[in-house]
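Since the structure comes first, as structure tokens, the remarks are kept for the end.
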Amino acid sequence: MQNFVKSYSKSYENIKEYAYTTRKDMKRYFKWLLHRDAEGFFVAELCNSAQSSASSASAIGFIACDANWFSPFECCVVGEIHELFVVPEMRGRGVGNALLQRGLAYFYEKNLHIAELWVGISNHAQKFYEKAGFKGAEIVGK
């Protein structure tokens, strides 16, 4: 959980309008994500090549997928990506794409062929998702 909170906080430094800002809220969010679908929670880690132990790895990105999400737009259960973030210093290196592809593969394993997500209207990640094949639909909230 500490790796999640640290990486989440770092990742949302420049877009705080879309983020939980207190450690308490971040921890609550982490627990909610795991409760929704623990099997759909994936972590990207950077391993120190000098040491191969797990303790030398640092979390650089997360994706929280939910294979139990009922979509009011599709009127059925779909794969929902609740969260995907990569720490700023590791962006542009394919980490986000690798996490996204793992999440989509997870949905496919669960026999879900529709994936949804929400992204803030002023969040620069919109281009990332469009490049991956997602299409804009409804505008709701921020």
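The numbers here are math on the coordinates, done by the rules we state, and not lab data. Remember, it's a predicted structure, so these values are computed and weren't measured experimentally. Positions of Cβ are backbone-derived with ideal geometry, glycine not excepted, and every protein chain shown enters the neighbour counts.
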Here, Asn48 and Cys75, labelled 7 Å along Cα→Cβ, have an inter-label distance in nm of 5.6
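Below 8 Å between Cα atoms, with a sequence gap of 6+, how large is the relative contact order for the chain in percent?
Details: 185 pairs, mean separation 28.5, N = 142.
Taking the mean separation of contacting Cα pairs over the length of the chain, I get 20 percent.
Pull out the extension gain between Glu17 and Ala98, defined as 0.36 nm times the separation in residues minus the alpha carbon to alpha carbon distance; nm, one decimal. Write down the numbers at each step before the final one.
Working: separation 81, 0.36 × 81 = 29.16 nm, distance 2.59 nm.
My answer for the length gained is 26.6 nm.
Enumerate lysine pairs in the stretch 2-131 that are 8 or more residues apart or on different chains, then count those whose Cα atoms are under 15 Å apart.
5
Once the mean 1/r over all distinct Cα pairs of the chain is inverted, what Kirkwood radius in angstroms do you read off? Show your work: numbers first, answer last.
On the way: mean 1/r = 0.0629 Å⁻¹.
15.9 Å is the Kirkwood radius here.
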What are the GluC sites (Glu not before Pro) within the stretch 1-95 that DSSP puts in a loop, where the Cβ has at most 15 other Cβ atoms within 10 Å? Glu13, Glu74
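Calculate, for Lys24 and Tyr108, the FRET efficiency according to 1/(1 + (r/R0)^6) with r their C-beta to C-beta distance and R0 41 Å; round to the nearest 0.05. Walk me through the numbers on the way to the answer.
Values: r = 35 Å, r/R0 = 0.86.
Computed FRET efficiency for Lys24 and Tyr108: 0.70.
Show that you can apply the helix-only estimate: for the chain, add -39,500 (n - 2.57) for every DSSP H stretch of four or more residues, divide by all residues, and state [θ] at 222 nm to the nearest 500.
Working: 4 runs with 47 residues, N = 142.
About -10000 deg cm²/dmol.
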